[in-house]
Amino acid sequence: MDYVIIGNSAAGIGAVEGIRRVDREGKITIISDEEYSAYSRPLISYYLADKVTQEEMKYRPDEFYNQNNVDAKLGIKVTEVNEDDKKVLLEDDEEVTYDKLLVATGGAPFIPEMKGVNKENISNFIKLDDAKAIASDIKESEAEEVVILGAGLIGLKAAEALIKKGLKVTVVELADRVLSAILDKEAADLVQEHLEEAGINFILEDTIIEFLGDEKVTGVKLKSGQELDCDLAVVAVGVKPNVSIVKGTNVEVNRGLVVNDKLETNIDDIYAAGDVSEGYDMLHEMAGVIPIWPNAYNQGLVAGQNMAGSNESYREGFARNAIGFFDLSMITAGIINPATDEYEVLIDKVEEDKVYKKIVLKDGKIVGFIYLNDVDRAGILTGLIKEQKGVEDIKNQLLADDFGYIDFDKEWRTQKLAE
Amino acid sequence: MSLNYNNPEFVIERDQDKCIECRVCARQCANEAHFYDEDLERMREEDINCVNCHRCVTLCPTNALVIKEYPLEYKKNSNWTGGMISNIQKQANTGGILLTGMGNPTDKKIYWDHILLNASQVTNPSIDPLREPMELKTILGRKPDKVEFDEEGKVKDLPPQLELETPIMFGAMSFGSISINACKSLAQAANEMGMMYNTGEGGLHEDLYPYKDRTIVQVASGRFGVHQEYLNAGAAIEIKIGQGAKPGIGGHLPGEKVGEEVSKTRMIPKGTDAISPAPHHDIYSIEDLRQLIYALKEATNYEKPVSVKIAAVHNVAAIASGIASAGADIIAIDGYRGGTGAAPTMIRDNVGIPIELALAAVDSRLREQSLRNKVSLVVSGSIRNSADIVKAVALGADAVYVASAALIALGCHMCQKCYTGKCNWGIATQNPELVKRLNPEIGVERVKNLIEGWSHEIKEILGGMGINALESLRGNRLMLRGIDLTEKELEILGIKHAGE
Amino acid sequence: MKKVYAREEYCLGCKLCEVYCVTNHSQSKDIIKAYKLEEVTSRIIVETKGAVSFALQCRHCEGSPCVKACITGAMQKDEETGIVDYDEDKCVGCWTCIMACPFGAVKRDEFGNKVISKCDLCAEEGEPACVENCPNAALIFEDREVEEVC
Amino acid sequence: MRGSRPTEKIMSGCAISGILNRRGKCFSGKEIMDSIALMHDRSNGLGGGFAAYGIYPDHKDEYAIHMFYDDLEAKEKVDYFLNRHFVILVSEKIPTREVEAINNPPIIWRYFVRPDERKLSESGLEEDEYVAQSVMNINANYRGAFVVSSGKNMGVFKGVGYPEDIGEFYKLEEYEAYLWTAHGRFPTNTPGWWGGAHPFTLLDWSIVHNGEISSYGANKRYLEMFDYKCTMQTDTEAITYLFDLMLRKHNLPLEVAVKAVAAPLWSEVERMDDEEAKLVKSIRAVYGSALLNGPFSIILGHKDGFLALNDRIKLRPLVVAEDEERTYVASEEAAIREICSKPEKLWSPRGGEPVIGLLEGRSGV
């Protein structure tokens, strides 16, 4: 059996480990346009802030590929997927045939239409190379001021790293708050306040329409007309599934590659996993792209097992994030800004401690939560979402400081802890 | 409120160099003698709350704690001792009876310690119990004078007997006075060791039904939890007339200890005081006792031996003889150092007589009247070690009840505060938080170990005497010698002085 | 695999398990030094409410959501021993494992270091320190799997 | 001095021997003397004695009372007592000869008596019990007097000295009996006392015993409940009374009595069938205080034969042999071979296993 995996990040590695759980023999080829052995993409901000070295970013030890008998073709692009002949064509014209193919190409930066976006010292912040580019731009240009477009996870992680590098940082965000995808307004205000205390300057409800400067960027012009000086810019508006590779095939693409619970696309023997895929979102009860690391790994793992002949399903997809800025941590998951009154919301807030906790319930079950600056044991809630366990009878305990397994009925607790 | 004049009994000394503020002591002290002071950022003590139960000392992982008697000294006075004065002050505060728990701690003569045992030398080989059989099996119950045979020459049935693998039983302690985990520990240990345990007057909790063959069910003046099924749920029945720690008075389990389970087991409303009257109101005479003995035998189809337990009082020999004649199969005598869950201090410390003298007097009297072989004799009231047991058997006992010692094995540190219900060792309490501190699995092992150890020692002592069956020690007072005893004491004990 | 199981009916809530966990994971392995000179976080969580209490630590579960979620590869489940443990050098303290652990059994380092702290079953010592030192046998270390999953 | 009655428990080691002619043929005391003499070293000269069954065929229906008197005053008192309670048919000195090694013998007397019929019927007692109580009364209450034996057609000859000297002293070669038992004594703590020598007797029962009964205190107090007065401070006396209690008073079969004094170990009981286990358990429950503990080998003599028994863990020696018409039992094999060089069978019984030698035609002792 020949397995080919395109993409060498969480989903790709998950797939290798999934295949090897079932099939110790089959040939695995992993192809990535990045030259590095698998590394942790979320760590690029730590890299940029000199918190970790490239060596320390390795997601798996160097022996990983050998030990798992993987032929890793790194630093080379796949140019075409031929579903009929079951092969992929590489940019050096090599052909690699497959019995099972996994597309795990991840996400690509979304870059809105902006004038001057191609000037030097303007970067995205998704891959290690992006971080390296920013670092060298800072060094070469002795950059002092940066404008970041986007106050999402990526933008803010970049902002944090650049503050730590000593730059003056301004974040421009179209929405009315930071981290709008994972926080509600109240939590976002607390986070923003914290980030401002750390030195980040925010301009909300505005966006860049033009990058100024000759070859290198020297400033930005905002939609509001305001102009900001800068010698570095980071565009972190968002990420979209990197679907380009299947152009020319019959693989169904919506926002991402459409997959079923087994991570199969509509084409036989072609699977997709991770940020490129559009799988089942259990909370929204519909397909959706869930571009988060644990999701990518899990999908890869399940896809890998299925490619090797197992019959696993993955229906646990939902958005969840653990992140922190300047020692302010937060864990959020699921639906945190319910739109309708079908939902019940529990909130606990200690403003002076920047602690904010919010739990969103639907039909007596947890569907989302925000834990800000008090993240201990948040995983219990994640687990409850996953299990869809009714919590109506312990609702009053959920936000308590000492909330824990002790609050569950004895039978359930005993059974869980006895596993 | 005015000053209460009470001083702490104990002082807690904490070595701050060793204290790691883990707060185990604070969590474990039901009396709230330890607390963490957030302002001073260190552990502190409330000495007056300390009962010196050693829970904190035992659990402190760094041995940072020592508890001492409060060093405050009263002006020297042999008559008005500190204890006397503080008792008066307590009563002046409350107007109540002085209450206490466990056995008599006063400094009175302990006869066990004035009796020495014999051993063989040369003329009669001592026996090594590790190599030779050594039999401790003990059979309790009414025996006929002779074995009878039917026409076919087959031996006729004896009256019901209890078979013990070692001459030790766990004395009566009710569920209520002690926790269910303590009860379970004793019941299971009795079961595994081939002994008996005794329900006390608390009825029989459902969880203990599996140990019925090793259960003596007690019928006391309150008749708590007594019903047909209960009587038949044990292997023997004991009528409790009195208790060594409080002869002549009844029992009192405060309502706080009567929770759901105790209430169900005792068949009384939850939260009400369980009061056992001083006498059985259907026993005002020896004839009445006889009627009750036979009523119980009738109710159990003559299949269970009936024991009658009395406190050792002045004319115990005559009483015991009467009980034997009244039809009891076993007589249990509880000496004045016997334990209790709660008793008035004045009664505990001043009423009754030592078990050693009572036992000797009863055994001798029963023999004079040729009754001794008909009835079994069980003694209690501070059996502290295996040597006490050997001495008791040699004085004439068939078996002993141990209770305090069993509780000590379970963790009791003799703070004597059983009556408060705040036993930090999970023994004399019904507070679920405290009860679970006694893991019966551990309890069973500890109690079994104790009995095993004692049985071993008894075997060693017997072997030393050149005896390989306990029967040959029973009433064998030639194996005993007294020291530091008066002629009268020797006469009552029926033993010679050492050197004779 | 052998795991630590709590028997809440016997848990005293004394938290000696924590004390011995801290000691065993200290450099000095000395209780007093561990507390007074070192910064060691207990890897156990003792939950207490009223009369109920129990110690809870990593369940070393088969699915190991923490391992799957870990963004750095610091958290790994040892295929042979089944022990889920983390590489402190690789851990960056992103708390993704905290988000993922359905038992809430992964703790943040209490002394502000950006690393996590979780039970490693005292892998090198045989019986875990918490089990060995529980005064009431409320923690037991045993294998409850009917058949070995390999 | 003839020695005085001890006030504390006697401890002694010993030799024992016994010969039974199963066909009831009587033979001279010479053989038993030879047998016991061979085990000279097992005695220390402080006691020896013999029991002989079948020696008084002319008085076989009367109780033969052998007595020791310290002085005539004691004899007078006992004579008075006997006269009041019995009809004395013969009253005579037991013939003895001068033997160098035997010193200071007491006055040694024998009577052949029948209970006074009026007194007997007034007492409401069986004849044997009447005699037994009289014997115990004399032993307990008459200073200077001691009943050596009190059975019918049997007698005990004992004293302070080596057994062979005692035999010679009593001219035992002149007596003929079908059952002889003998004893040589090695007391460690008391001067010899004529009464303290073995055999010890009550009625027809005689006991020779090697060993020390560590259960003595328990046995004694048990017997006291049945009105036995243990006045001799010897194990042998207590053993005699135990057998008397069980065999005569309680009318138990011999094997039941054996199971009481040498009870099977509980571990053996566990392997028994239900019926036997029940029997043994019942015996143990009722007669626990009759259990003989400590090292012993005994020969219980009786008019119908003997019982030889070891303690249940065999701490003292005992050997048995048989030839055509005799059964031999002794502490040492050599003591048997001395008088029967080629027995048909010779064995060493296990601890607690009774050896019963019976006259032909008798079903039990």
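The values are calculated or read from the model by the stated rules, or taken from the named source; none is laboratory data. In this text, all values refer to a predicted model and were calculated from it rather than measured experimentally. Please note: Cβ atoms are built from the backbone with ideal geometry, for glycine as well, and neighbour counts cover all protein chains shown.
Go through (1) within 16 Å of C:Val22 (Cα to Cα); (2) at pLDDT below 90; (3) within 11 Å of chain A (Cβ to nearest Cβ) for C:Glu125 and report which single condition fails.
(3)
It is to be established whether one or more residues within the stretch C:31-39 are more than 10 Å from chain B (Cβ to nearest Cβ), under 17 Å from B:Lys18 (Cα atoms) and hydroxyl-bearing (Ser, Thr, Tyr).
no
Within the stretch D:289-314, take every residue that is farther than 24 Å from D:Leu203 by Cβ and either in contact with a Pro (Cβ under 8 Å, 6 or more places away or on another chain) or at pLDDT 95 or above (or both) and give me the one that is surrounded by the fewest Cβ atoms within 10 Å (Cβ to Cβ). Show your work before the answer.
Narrowing the stretch D:289-314 to residues farther than 24 Å from D:Leu203 by Cβ: D:293-295, D:310-314.
With the extra rule that they be either in contact with a Pro (Cβ under 8 Å, 6 or more places away or on another chain) or at pLDDT 95 or above (or both), the set shrinks to D:295, D:310-313.
Values: D:Pro295: 25, D:Asn310: 25, D:Asp311: 25, D:Arg312: 24, D:Ile313: 19.
Here the answer is D:Ile313.
Looking at B:Thr106, B:Thr123, can you tell me which residue is assigned to a loop (DSSP other than H, G, I, E, B) and in contact (Cβ under 8 Å) with a residue 12 or more places away in the chain? Walk me through how you get there before you give the answer.
Values: B:Thr123 fails: in contact (Cβ under 8 Å) with a residue 12 or more places away in the chain.
Every option except B:Thr106 fails the conditions.
Exactly one condition in (1) closer than 15 Å to C:Met99 by Cβ; (2) in contact (Cβ under 8 Å) with a residue 40 or more places away in the chain; (3) of a type outside the set (Val, Ile, Thr); (4) at the interface with chain C (Cβ under 10 Å from one of its Cβ atoms) is false for A:Gly300; which is it?
For A:Gly300, the failing item is (1).
Within the stretch B:456-500, can you find the residues that are among the small types (Gly, Ala, Ser), crowded, with 18+ Cβ neighbours inside 10 Å, within 14 Å of chain D (Cβ to nearest Cβ) and touching a Leu at 6+ places or on another chain (Cβ under 7 Å)?
Matches in the stretch B:456-500: B:Ala469, B:Ser472.
Being over 27 Å from the mean Cα position of the chain (by Cα), polar (S, T, N, Q) and outside the structural domain of A:Ala181 (by TED's automatic domain parsing) is the requirement here; does A:Asn396 meet it? Give the steps one after another, and end with the answer.
Numbers: over 27 Å from the mean Cα position of the chain (by Cα): yes; polar (S, T, N, Q): yes; outside the structural domain of A:Ala181 (by TED's automatic domain parsing): yes.
When the stated conditions are applied, A:Asn396 passes them.
Picking from A:Val103, A:Val81, which residue would you name as being within 20 Å of the chain's Cα centre (by Cα) and hydrophobic (A, V, I, L, M, F, W, C)? Step through it out loud before you land on a result.
Details: A:Val81 fails: within 20 Å of the chain's Cα centre (by Cα).
A:Val103 is the lone residue from the list that is within 20 Å of the chain's Cα centre (by Cα) and hydrophobic (A, V, I, L, M, F, W, C).
Give the residues of the stretch A:52-62 that are more than 10 Å from chain C (Cβ to nearest Cβ) and touching a residue at least 60 places away in the same chain (Cβ under 8 Å), sorted by residue number. Walk me through it before giving the result.
So the first thing to find is which residues in the stretch A:52-62 are more than 10 Å from chain C (Cβ to nearest Cβ), and the list is A:53-55, A:62.
Hit for the stretch A:52-62 is A:Gln54, nothing else.
Select the helices (runs of 4 or more DSSP H) contained entirely in the stretch B:1-98, then report the ones holding at least 1 residues which are closer than 24 Å to C:Cys134 by Cα, within 14 Å of chain C (Cβ to nearest Cβ) and of a type outside the set (Lys, Arg). Walk me through how you get there before you give the answer.
On the way: elements: B:24-28, B:55-59, B:82-94.
Counting at least 1 such residues, we get B:24-28, B:55-59.
Wholly within the stretch D:199-264, which helices (runs of 4 or more DSSP H) include no fewer than the required count, namely at least 3 residues that are farther than 21 Å from D:Gly159 by Cα and in contact with a Ser or Thr (Cβ under 7 Å, 6 or more places away or on another chain)?
Working: elements: D:216-225, D:235-243, D:254-261.
Per the criteria, D:216-225.
Is it the case that the stretch A:381-389 has a residue that's within 30 Å of A:Lys51 (Cα to Cα), outside the structural domain of A:Lys164 (by TED's automatic domain parsing) and not small (Gly, Ala, Ser)?
yes
Mind listing just one residue for me: the one in the stretch A:80-96 that is surrounded by 14 or more Cβ atoms within 10 Å (Cβ to Cβ) and not aliphatic (A, V, I, L, M) and, of those, nearest to A:Gly7 (Cα to Cα)?
Narrowing the stretch A:80-96 to residues surrounded by 14 or more Cβ atoms within 10 Å (Cβ to Cβ): A:80-83, A:86-90, A:96.
Remaining after also requiring not aliphatic (A, V, I, L, M): A:80, A:82-83, A:86-87.
On the way: A:Glu80: 14, A:Asn82: 17, A:Glu83: 18, A:Lys86: 17, A:Lys87: 15 Å.
Among those residues, the one meeting the criterion is A:Glu80.
For the condition acidic (Asp, Glu), under 23 Å from the mean Cα position of the chain (by Cα) and within 30 Å of A:Lys185 (Cα to Cα), what is the one hit in A:Glu278, A:Glu196?
On inspection, the qualifying residue turns out to be A:Glu278.
From the list D:Ile36, D:Ile55, pick out the single residue that is of a type in the set (A, V, I, L, M, F, W, C) and part of a helix (DSSP H, G or I).
Values: D:Ile55 fails: part of a helix (DSSP H, G or I).
None of the others qualify; the one that does is D:Ile36.
I need a count of the residues in the stretch A:383-410 that are more than 11 Å from chain C (Cβ to nearest Cβ) and either within 28 Å of A:His284 (Cβ to Cβ) or not in a loop (DSSP other than H, G, I, E, B) (or both). Reasoning before the result, please.
Narrowing the stretch A:383-410 to residues more than 11 Å from chain C (Cβ to nearest Cβ): A:388, A:390-396, A:398-399, A:401, A:409.
Now restrict to residues that are either within 28 Å of A:His284 (Cβ to Cβ) or not in a loop (DSSP other than H, G, I, E, B) (or both): A:388, A:390-396, A:398-399.
Result for the stretch A:383-410: 10.
Name the single residue, out of those in the stretch D:190-226 being acidic (Asp, Glu) and touching a residue at least 24 places away in the same chain (Cβ under 8 Å), that is surrounded by the fewest Cβ atoms within 10 Å (Cβ to Cβ). Don't jump to the end; show me each part of the working.
Quick first cut of the stretch D:190-226, residues acidic (Asp, Glu) only: D:204, D:212, D:224.
Next, from what is left, pick out any that are touching a residue at least 24 places away in the same chain (Cβ under 8 Å): D:204, D:212.
Details: D:Asp204: 23, D:Glu212: 26.
So the residue we want is D:Asp204.
Among (1) surrounded by fewer than 21 Cβ atoms within 10 Å (Cβ to Cβ); (2) farther than 19 Å from A:Ser224 by Cβ; (3) in contact with a Ser or Thr (Cβ under 9 Å, 6 or more places away or on another chain); (4) in contact (Cβ under 8 Å) with a residue 60 or more places away in the chain, there is one condition A:Glu145 misses while meeting the rest; what is its number?
Going through the list (1) surrounded by fewer than 21 Cβ atoms within 10 Å (Cβ to Cβ); (2) farther than 19 Å from A:Ser224 by Cβ; (3) in contact with a Ser or Thr (Cβ under 9 Å, 6 or more places away or on another chain); (4) in contact (Cβ under 8 Å) with a residue 60 or more places away in the chain, A:Glu145 breaks only (2).
In the stretch B:327-365, which residues are small (Gly, Ala, Ser) and either assigned to a helix (DSSP H, G or I) or surrounded by fewer than 20 Cβ atoms within 10 Å (Cβ to Cβ) (or both)? Even if it seems obvious, please write down each step before you answer.
Step one: filter the stretch B:327-365 for residues small (Gly, Ala, Ser), giving B:327-328, B:332, B:335, B:338-339, B:341-343, B:352, B:358, B:360-361, B:364.
B:Gly327, B:Ala358, B:Ala360, B:Ala361, B:Ser364, listed by residue number.
Just to be sure before I move on: is C:Ser64 more than 22 Å from A:Leu398 (Cβ to Cβ), hydroxyl-bearing (Ser, Thr, Tyr) and more than 13 Å from chain A (Cβ to nearest Cβ) in the structure I sent? Walk me through how you get there before you give the answer.
On the way: more than 22 Å from A:Leu398 (Cβ to Cβ): yes; hydroxyl-bearing (Ser, Thr, Tyr): yes; more than 13 Å from chain A (Cβ to nearest Cβ): no.
When the stated conditions are applied, C:Ser64 does not pass them.
Mind listing just one residue for me: the one in the stretch D:120-156 that is of a type in the set (Phe, Trp, Tyr) and not in a helix (DSSP H, G or I) and, of those, surrounded by the most Cβ atoms within 10 Å (Cβ to Cβ)? Before you say what the answer is, go through the steps one by one.
Just the residues of the stretch D:120-156 that are of a type in the set (Phe, Trp, Tyr), to begin with: D:130, D:142, D:146.
Retained after the next criterion (residues that are not in a helix (DSSP H, G or I)): D:142, D:146.
Details: D:Tyr142: 18, D:Phe146: 24.
Here the answer is D:Phe146.
Say we look at the stretch A:255-310 and pick out the residues that are of a type in the set (Asp, Glu) and part of a loop (DSSP other than H, G, I, E, B); which of these is farthest from C:Thr72 (Cα to Cα)? Outline the logic, then answer.
Narrowing the stretch A:255-310 to residues of a type in the set (Asp, Glu): A:261, A:264, A:268-269, A:275, A:278, A:281, A:285.
After this cut, where a residue has to be part of a loop (DSSP other than H, G, I, E, B) as well, the list is A:261, A:268-269, A:285.
On the way: A:Asp261: 26, A:Asp268: 33, A:Asp269: 30, A:Glu285: 30 Å.
Filtering first and then ranking leaves A:Asp268.
Could you check C:Asn113 against (1) at the interface with another protein chain (Cβ under 10 Å from one of its Cβ atoms); (2) touching a Gly at 6+ places or on another chain (Cβ under 8 Å); (3) part of a loop (DSSP other than H, G, I, E, B) and say which number it fails?
For C:Asn113, the failing item is (1).
Identify, please: which residue in the stretch A:31-51 is touching a Leu at 6+ places or on another chain (Cβ under 8 Å) and either in a helix (DSSP H, G or I) or crowded, with 20+ Cβ neighbours inside 10 Å (or both) and is, among those, farthest from the other protein chains (Cβ to nearest Cβ)?
A:Ile31
Which one is farthest from the chain's Cα centre (by Cα) among residues in the stretch A:303-319 that are more than 10 Å from chain C (Cβ to nearest Cβ) and within 26 Å of A:Pro42 (Cα to Cα)?
Initially, the stretch A:303-319 is screened for residues more than 10 Å from chain C (Cβ to nearest Cβ), giving A:303-315, A:317-319.
Still in the list and also within 26 Å of A:Pro42 (Cα to Cα): A:303-305, A:314-315, A:317-319.
Numbers: A:Ala303: 18, A:Gly304: 20, A:Gln305: 23, A:Tyr314: 18, A:Arg315: 18, A:Gly317: 13, A:Phe318: 12, A:Ala319: 9 Å.
Among those residues, the one meeting the criterion is A:Gln305.
Going through C:Val52, C:Val84, C:Val106 one at a time, which residue ends up being among the β-branched types (Val, Ile, Thr), surrounded by fewer than 21 Cβ atoms within 10 Å (Cβ to Cβ) and either within 14 Å of chain A (Cβ to nearest Cβ) or within 26 Å of A:Arg41 (Cβ to Cβ) (or both)? It would help to see each step written out before you state the result.
On the way: C:Val84 fails: surrounded by fewer than 21 Cβ atoms within 10 Å (Cβ to Cβ); C:Val106 fails: surrounded by fewer than 21 Cβ atoms within 10 Å (Cβ to Cβ).
None of the other options fit; the residue is C:Val52.
State which residue is surrounded by the fewest Cβ atoms within 10 Å (Cβ to Cβ) when the search covers only the stretch B:140-188 and only residues that are in contact (Cβ under 8 Å) with a residue 40 or more places away in the chain and in a strand (DSSP E or B).
B:Leu164
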